[in-house]
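Chemist: My structure is below; once you've seen it, I'll send some questions.
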């Protein structure tokens, strides 16, 4: 007798076995218990491969007790162009808000890292690819301005696909606005540490992401303006091995440090301590160093 349309219990059980219980590493293929994977902040204990970590995980990793005094959460994205690409922009934003339970693609606030009070910001790649629209640009600009007013060192975690196309030129304008605010940070001699996650690309990479007093990258992160396939097809040449990866960028003076995730909090705490102690010489020195760096 043939089985009815509904699958037998044995087949159903095998299909769902292990779902949400185990995670497979994208680097080495090793299988880990999901809870153990989360406890190690999405880093494979077998090969050290860094998987993408959400903003909640970063708060838990870096901030004392995982606590953040959130700033400017009242800012909401609008649809100034009435944009639609088959789906209305407003509907895309609403879907991202529902999925991520976040208001926008960046969160900012005040927290403590290793006992140091800091102005903290993080791009949320799960929210429309961490894309930078008007609200994101305004939040980062206000982050810089609040840091100057309160004399707080800044730690900004980058992860973005670039400017948000649904807002057109209004999103591109945020690049200039954020960089102008960052210049006021430099003038006030406030330390700014930029943490480059996977991926840091487009307008975010072309504005503030590589302008830190210290640029810290995670192992394996993609960092650049356009993607390597786009560049290769445009210039018609094969790119060098490891192009736009941290090791390549470090050897070419684009970043300052590559720090594994388990060491990130301790490293940032040390940097904050040293930069805050000698911020005048450090900030000015690094500003000149950044001007000599080649374009991405």
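The values are calculated or read from the model by the stated rules, or taken from the named source; none is laboratory data. All values derive from a computational prediction rather than experimental measurement. As a convention, Cβ positions derive from the backbone with ideal geometry for all residues, glycine included, and neighbour counts pool all protein chains shown.
Chemist: Scanning segment 100-126 for residues that are out of contact with any strand residue (DSSP E or B) (no Cβ under 8 Å at 6 or more places or on another chain), over 16 Å from residue 61 (Cα atoms) and in contact (Cβ under 8 Å) with a residue 12 or more places away in the chain, which turns out surrounded by the most Cβ atoms within 10 Å (Cβ to Cβ)? Spell out how you get there, then give the answer.
Modeler: We begin by selecting, within segment 100-126, every residue out of contact with any strand residue (DSSP E or B) (no Cβ under 8 Å at 6 or more places or on another chain); these are 100-104, 114-116, 126.
Subsequent filtering for residues that are over 16 Å from residue 61 (Cα atoms) retains 100-104, 126.
Subsequent filtering for residues that are in contact (Cβ under 8 Å) with a residue 12 or more places away in the chain retains 100, 102-104, 126.
Numbers: 100: 18, 102: 18, 103: 21, 104: 27, 126: 18.
Selected residue: 104.
Chemist: Moving on. Could you check segment 176-199 and list, in sequence order, the residues that are touching a residue at least 40 places away in the same chain (Cβ under 8 Å) and part of a helix (DSSP H, G or I)?
Modeler: Matches in segment 176-199: 177, 178, 181, 184, 185, 186.
Chemist: Yes or no: segment 175-198 includes at least one residue that is buried (at least 23 other Cβ atoms within 10 Å of the Cβ), closer than 20 Å to residue 81 by Cβ and in contact with a strand residue (DSSP E or B) (Cβ under 9 Å, 6 or more places away or on another chain).
Modeler: Checked against the condition, which is being buried (at least 23 other Cβ atoms within 10 Å of the Cβ), closer than 20 Å to residue 81 by Cβ and in contact with a strand residue (DSSP E or B) (Cβ under 9 Å, 6 or more places away or on another chain), segment 175-198 yields no hits at all.
Chemist: Name the residues in segment 45-76 that are buried (at least 16 other Cβ atoms within 10 Å of the Cβ), within 22 Å of residue 103 (Cα to Cα) and touching a strand residue (DSSP E or B) at 6+ places or on another chain (Cβ under 7 Å), would you?
Modeler: Passing the criteria: 55, 58, 59, 62, 63, 68, 71, 72.
Chemist: What strands (runs of 3 or more DSSP E) completely inside segment 16-87 contain at least 3 residues that are closer than 30 Å to residue 245 by Cα and more than 20 Å from the chain's Cα centre (by Cα)?
Modeler: Working: elements: 22-24, 31-33, 68-71.
Where strands (runs of 3 or more DSSP E) fall fully within segment 16-87 and carry at least 3 residues being closer than 30 Å to residue 245 by Cα and more than 20 Å from the chain's Cα centre (by Cα), they are 22-24, 31-33.
Chemist: Which of the residues belonging to segment 148-160 are over 25 Å from residue 258 (Cβ atoms) and either crowded, with 24+ Cβ neighbours inside 10 Å or touching a residue at least 24 places away in the same chain (Cβ under 8 Å) (or both)?
Modeler: 148, 150, 151, 152
Chemist: Does residue 194 count as closer than 23 Å to residue 126 by Cβ and modelled with pLDDT of 95 or more?
Modeler: yes
Chemist: Can you pull out the helices (runs of 4 or more DSSP H) entirely within segment 226-292 that have at least 2 residues that are out of contact with any strand residue (DSSP E or B) (no Cβ under 6 Å at 6 or more places or on another chain) and modelled with pLDDT under 95?
Modeler: Values: elements: 228-235, 246-251, 264-277, 279-291.
Because the criterion is at least 2 residues that are out of contact with any strand residue (DSSP E or B) (no Cβ under 6 Å at 6 or more places or on another chain) and modelled with pLDDT under 95, the helices (runs of 4 or more DSSP H) in segment 226-292 that meet it are 228-235, 264-277, 279-291.
Chemist: Filter segment 224-250 down to the residues that are touching a helix residue (DSSP H, G or I) at 6+ places or on another chain (Cβ under 6 Å), without any contact (Cβ under 8 Å) to a residue 60 or more places away in the chain and surrounded by 14 or more Cβ atoms within 10 Å (Cβ to Cβ) and list them by number.
Modeler: Answer for segment 224-250, where residues must be touching a helix residue (DSSP H, G or I) at 6+ places or on another chain (Cβ under 6 Å), without any contact (Cβ under 8 Å) to a residue 60 or more places away in the chain and surrounded by 14 or more Cβ atoms within 10 Å (Cβ to Cβ): 243, 244.
Chemist: Scan segment 88-99 for residues that are free of Cβ contacts under 8 Å to residues at least 40 places away in the same chain, surrounded by 11 or more Cβ atoms within 10 Å (Cβ to Cβ) and part of a helix (DSSP H, G or I) and report the count.
Modeler: The number of residues fulfilling the criteria is 8.
Chemist: Exactly one condition in (1) in contact with a strand residue (DSSP E or B) (Cβ under 8 Å, 6 or more places away or on another chain); (2) at negative phi is false for residue 130; which is it?
Modeler: (2)
Chemist: Just need a number here: residues in segment 170-200 that are within 24 Å of residue 58 (Cβ to Cβ) and in contact with a helix residue (DSSP H, G or I) (Cβ under 9 Å, 6 or more places away or on another chain).
Modeler: 18
Chemist: Looking only at segment 52-72, count how many residues are under 22 Å from residue 170 (Cα atoms) and out of contact with any helix residue (DSSP H, G or I) (no Cβ under 9 Å at 6 or more places or on another chain).
Modeler: The total comes to 0.
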